[in-house]
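Computed from the coordinates by the stated procedures, all read-outs in this text should not be read as laboratory data. It should be emphasised that the depicted structure is a prediction, and the values quoted were computed from it without experimental measurement. So basically every Cβ, Gly included, is an ideal-geometry build from the backbone, and we count neighbours across all protein chains shown.
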Amino acid sequence: MGTARGRANRYKEENPMKIAMIGQKTVPSREGGVEIVVEELSTRMAAQGHELTLFNRKRKHAKGEQPLKEYKGCKIKEIFTINKKAFDAIIYAFFATLKVRKMAKKGEFDVLHFHAEGPCYFLNLLPRRNKRKYKIVVTVHGLDWQRGKWGGFASKVLRTAEKRAVKYADEIIVLSKNNQKYFFDKYHRETTYIPNGIELPTLKPADFITERWGLTPNSYVLFLARIVPEKGLQYLIPAWKKVVEQTGTDKKLVIAGGPSHSDDYYEEIKFMCEGDPTIVMTGFVKGVALEELYSNAYLYVLPSDIEGMPMSLLEALSYGNVCLVSDIPENTEVINEDCFVFERGNIDRLRHQIKKIIRLQVQTHENMSMPHSWDEVTEKTLQLYERDGKMQ
């Protein structure tokens, strides 16, 4: 008769689902957590025989470069938008929703999977559940209306999008227990907790990063995330300057990441770091630079105010980094016994913890951690797609 997993795999092969992914900027990309999640899920689903269509935001292509039509078994469709902070997300969401509505009406999809709250703003344009034959699934990657990069009007739009996700989605996935509690307390809406996954990496020697930035193993403290207000660099930089002043440490602070709809904030951070030889700003990193930065850091720091489920923290743990994080639930749910916390927004406690960790001479990269694999996350998501039942 075969195993349950074997029967499930045969079911998938005989009954492939047609799935749309909406909300990411572009795949493949490491611009943010949404892009990583969409790529990891969709390529694994496609490898199992499901039909995936990824609705990327249209971008200007280099001269002679052709738009991507397929990626690792997934179809790619580009959706018109205006690449400006105030219009990008909302215009994309409108046209993406119209496009998937038209295609779904023709029976081209079984599941429309929306990622993040913003793209849910136009869910009211889709038919109600009893008038459609496909399922709407929403993954809430965080409470986007709380994020500091959005102004008052954008925050109101995101709050409306959240309410429409609650009203129109057949299933809602959350990445943290804290967000699960939020949706139940505020809306009495049941959600499904499926955290992000990770794969154990191979540690890399410090070659490229030594040549490019003079970084050697255990010689630096690493911040690696998008440079946006909610990630907390406005706390980390002054705390670090105090640490250097008080200890004379020869370690450096490496800030790896680029802006995301936050150019003014990014310029402020650059100004705070200007002329400080103990701070290295690398800009956005990927590939070998990313792998080497994680592999050779003495400490990874994430002083964020708001998170969904931070991919960079999961990655740091997978490399065996000792981590120092703010005490928000989305961070503390993830960390292990080798990690440290400080009170969110408290620069003095952050300074104290960094000083203590430097003094302790901690052992790094010995406890590589993989709380959830991407294969497990993919399996749980597919099971959710297949689950019957009325809207909650």
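Numbers at a glance
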| read-out | value |
| --- | --- |
| Nearest 10 degrees, 0 to 90: helix 233-247 Cα axis against the chain principal axis | 20 |
| Contact order relative to length of the stretch 208-360, as percent, for alpha carbon pairs under 8 angstrom and 6 or more apart | 28 |
| 5 angstrom amide H check on Ser373, placed H, neighbours 5+ away | Ile198 |
| Filter on Lys69/Lys99; Lys135/Lys163; Lys99/Lys380; Lys77/Lys105; Lys25/Lys84 - keep pairs with C-alpha separation over 20 Å | Lys99/Lys380 |
| Derived scalar couplings ³J(HN,Hα) [the stretch 185-202; Karplus, 6.51 cos²θ - 1.76 cosθ + 1.60; whole Hz; x for Gly, Pro] | 5, 7, 10, 6, 9, 6, 10, 10, 8, 10, x, 5, x, 7, 10, 5, x, 9 |
| Filtered GluC sites (Glu not before Pro), the stretch 246-354: DSSP coil and at most 14 other beta carbons within 10 Å | Glu274, Glu337, Glu343 |
| Positive-end residue of Phe114, Leu200, Gly214, charge dipole of the stretch 61-215 with Cβ unit charges | Phe114 |
| Cβ-based exposure ranking for Ile357, Ile82, Ile227, in which fewest neighbours within 10 Å come first | Ile82, Ile357, Ile227 |
| C-alpha long axis of helix 347-360 to longest principal axis of the chain, angle in ° | 70 |
| Amide H within-cut-off set for Ile76, under 5 Å, with H built and near neighbours excluded | Leu54, Glu70, Tyr71 |
| Rel. contact order, % - alpha carbon contacts under 8 angstrom, at least six apart, the stretch 51-102 | 34 |
| Proximal aspartates and glutamates relative to Lys72, as straight alpha-carbon distance under 19 Å, when same-chain residues fewer than 8 apart are discounted | Glu13, Glu31, Glu35, Glu39, Glu40, Glu51, Glu199, Asp375, Glu379 |
| Spatial separation of Cα centroids for the stretch 221-237 and the stretch 335-392, in angstrom | 16 |
| Antiparallel content of DSSP bridges confined to the chain, in %, to 5 | 5 |
| The chain: calculated mean residue ellipticity at 222 nm from DSSP helix runs of at least 4, using -39500 (n - 2.57) | -12000 deg cm²/dmol |
| Cα-centre dipole for the stretch 208-360 with unit charges at Cβ (Lys and Arg positive, Asp and Glu negative), debye to 20 | 500 |
| For Arg189, distant residues with modelled amide H under 5 Å away | Phe184 |
| Degrees between helix 287-296 axis and first principal axis of the chain (Cα, 0 to 90, nearest 10) | 50 |
| Under 16 Å between alpha carbons - lysine pairs in the stretch 208-360 that sit 8 or more apart or on different chains | 15 |
| Spatial extent of the stretch 208-360: Rg and Dmax, with the Cα atoms as the point set, Å | 14.0, 38 |
| Residue-wise HN-Hα coupling along the stretch 22-32, computed from phi with Karplus coefficients 6.51, -1.76, 1.60 (Hz; x: Gly, Pro) | 10, x, 6, 5, 7, 10, x, 5, 10, 5, x |
| Ranking of Met281, Met272, Met309 by count of other Cβ atoms within 10 Å, fewest first | Met272, Met281, Met309 |
